[in-house]
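Only one structure is covered here, and it is reproduced in the block below.
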Amino acid sequence: MFSKKTVLILAGILLVTLNILLLAITIRRPAFYGLNRAMLAFAAPFQELASRSVTAAEAVWRDYFALVTAARENQALKRQLDQTLRQNTQYRELELENARLRELLSFKRSLPGAAIAAEIIGKDPSAWFRTVILDKGAADGVQRGLPAVTTRGVVGQIVEVSPHQSKLMLMIDRNSAADALIQRTRARGIVKGASSEECYLDYVLYEDEVRVGDEVVASGFDGVYPKGLLIGTVTAVNFQGSDFFKEVKITPAVDFDTLEDVLIILKAAPPPPAPPPAPRYSNTR
Amino acid sequence: MNYFLYIASGLSLAICQTTIVPRLPVVTHSFDLLLPWVIYIAAFRPVHETLPFVLFMGVLMDSLSGGPFGLFLTSYLWLFMAVRLTATVIRAENPLLLVFIIIAAVVGQNALFFAVLGTGDDDSNALAAGVRVVSEQIGWVLLVGPLFALAMRRTHRLSSRRHIRKPVDLQPGAEA
């Protein structure tokens, strides 16, 4: 009845009319039978997913750069911290050294003769001997036989000297010996090392009074160590072994493990006259 | 070059033993670090090339030590001879065997020191101290000895490779 062309034209006119009609209606009523809500409900999850994905991608991207920056910054800060810590350690070492040297200096003034400070630069390679190498030698006035001390007490005696270094035998070396007194009772004996962390006070008469905690000082009679310098403290008194003498164990006043600097007394004071021998021991108990 | 290496390695070990090791808080009685050195050069290097260095290091260590002069020298010399003799009958390249040789050397050196010095007034104390020292030193050898052994083997292999020459009959142009 109608040609195909006429049908198409009529359909187009109908569509345009319907469109205008729809527009006219929706302009007046925005929510058109809830269709927009339904479409919104349908599209929203996808939108949300897409939106979150983009946000996440943005966050990853942003965080990655932030992390890279933070990592670089972190490394720089760590380097800075390391440097500061190193400097801090150096300052603390200097401070400690300063304190030690000040202490030694004030102690040096109280010594009877001239003294020189020396630093320990090496220790004995063997576990059987207790000697250390000092950074002062003959050129600095050091001689064999001179005593070395610290503010805490007697350290040892110089046994070898080279032009710029010297070897110091510590009080705890098995070859070391020094004339000593129990400060409280004036009982006399010889302090000998045992190459361990302790010394022994030998030849203390059986009848002499010695107690744990007594301080042992240099007697000065050996002509090496100045009289009155602290050697150590009595930690044990044994009565076995000999009929005449007690076995007295001493813990040295100086901590030889942490020793770093010593004072070498260059001109030791002349020894006091030795007391006359007192034949007062007996083998009766 | 070899002479320089001997002297540099020996000196480094001696300095390490007398200045660095005593400052380590965990080490009370370290073993003599030059013992592995002496074992290496005795087992793997020619006598004429190394003996002067063993003597030199012995004298150096004796100078650094407070003991009677010649103790370290004697211990190194005896160790050197013992290792030379041992190396003729056993394969010293085995790391386990090297660790065992180091332990034997540590015990031997301490026995020598003890024999020379351990005649004091109180033998029981000295013996107890000696046992303590040697036990600790053996413990350290067990811990670090394998490293020394591996270093020795590696050095020996590198050194051997360097000294390998082409056989004359394989050189180009040589007649059979």
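The values are calculated or read from the model by the stated rules, or taken from the named source; none is laboratory data. The shown structure was predicted, so the numbers you read here are calculated from the model rather than taken from an experiment. Positions of Cβ are backbone-derived with ideal geometry, glycine not excepted, and every protein chain shown enters the neighbour counts.
Under the condition of being surrounded by 17 or more Cβ atoms within 10 Å (Cβ to Cβ), assigned to a loop (DSSP other than H, G, I, E, B) and touching a residue at least 24 places away in the same chain (Cβ under 8 Å), the residues counted in the range B:47-79 number 1.
Within the range A:90-100, does at least one residue satisfy the condition of being in contact with a strand residue (DSSP E or B) (Cβ under 7 Å, 6 or more places away or on another chain) and assigned to a helix (DSSP H, G or I)?
Yes; the residues of the range A:90-100 include at least one that is in contact with a strand residue (DSSP E or B) (Cβ under 7 Å, 6 or more places away or on another chain) and assigned to a helix (DSSP H, G or I).
Can you say whether A:Arg52 is assigned to a helix (DSSP H, G or I), within 30 Å of A:Leu170 (Cβ to Cβ) and modelled with pLDDT under 85, as far as the supplied structure shows? It is false that A:Arg52 is assigned to a helix (DSSP H, G or I), within 30 Å of A:Leu170 (Cβ to Cβ) and modelled with pLDDT under 85.
Residues that are closer than 20 Å to B:Thr19 by Cα and among the β-branched types (Val, Ile, Thr): list the strands (runs of 3 or more DSSP E) wholly contained in the range A:112-201 that include at least 2 such residues.
Ranges flagged: A:115-123, A:131-134, A:154-161.
When each of B:Leu60, B:Leu112, B:Leu34, B:Leu51 is tested for being within 14 Å of chain A (Cβ to nearest Cβ) and over 22 Å from B:Glu136 (Cα atoms), the lone residue that passes is B:Leu60. Here B:Cys16 meets the list (1) in a helix (DSSP H, G or I); (2) in contact with an Asp or Glu (Cβ under 7 Å, 6 or more places away or on another chain) almost entirely, failing just condition (2). Those strands (runs of 3 or more DSSP E) of the range A:203-262 in which 3 or more residues are within 22 Å of A:Gly145 (Cβ to Cβ) and at pLDDT 85 or above occupy A:215-218, A:230-238. When the range B:19-42 is examined, which residues are found to be of a type in the set (Gly, Ala, Ser) and in contact (Cβ under 8 Å) with a residue 60 or more places away in the chain? Correct list: B:Ser30 only. Of the residues making up the range B:16-31, those that are facing chain A (nearest Cβ under 9 Å) and either among the aromatic types (Phe, Trp, Tyr) or closer than 28 Å to B:Asn94 by Cα (or both) number 5. Screening the candidates A:Arg130, A:Arg144 for the property of being within 14 Å of chain B (Cβ to nearest Cβ), of a type in the set (Lys, Arg), touching a residue at least 40 places away in the same chain (Cβ under 8 Å) and under 30 Å from B:Tyr76 (Cβ atoms) yields one hit, A:Arg130.
Tell me whether the range A:92-111 contains one or more residues that are in contact with a helix residue (DSSP H, G or I) (Cβ under 6 Å, 6 or more places away or on another chain), surrounded by 15 or more Cβ atoms within 10 Å (Cβ to Cβ) and farther than 30 Å from B:His29 by Cα. Checking the range A:92-111: not a single residue is in contact with a helix residue (DSSP H, G or I) (Cβ under 6 Å, 6 or more places away or on another chain), surrounded by 15 or more Cβ atoms within 10 Å (Cβ to Cβ) and farther than 30 Å from B:His29 by Cα.
Restricting attention to the range A:233-261, report how many residues are over 21 Å from A:Ile120 (Cα atoms) and touching a strand residue (DSSP E or B) at 6+ places or on another chain (Cβ under 8 Å).
Selection size over the range A:233-261: 17.
Specify the residue that is farthest from the other protein chains (Cβ to nearest Cβ); the eligible residues are those in the range B:1-15 that are under 12 Å from the mean Cα position of the chain (by Cα) and small (Gly, Ala, Ser). So the residue we want is B:Ser9.
If we scan the range A:152-160, do we find a residue that is under 15 Å from A:Asp255 (Cα atoms) and within 12 Å of chain B (Cβ to nearest Cβ)? Taking every residue of the range A:152-160 in turn, at least one turns out to be under 15 Å from A:Asp255 (Cα atoms) and within 12 Å of chain B (Cβ to nearest Cβ).
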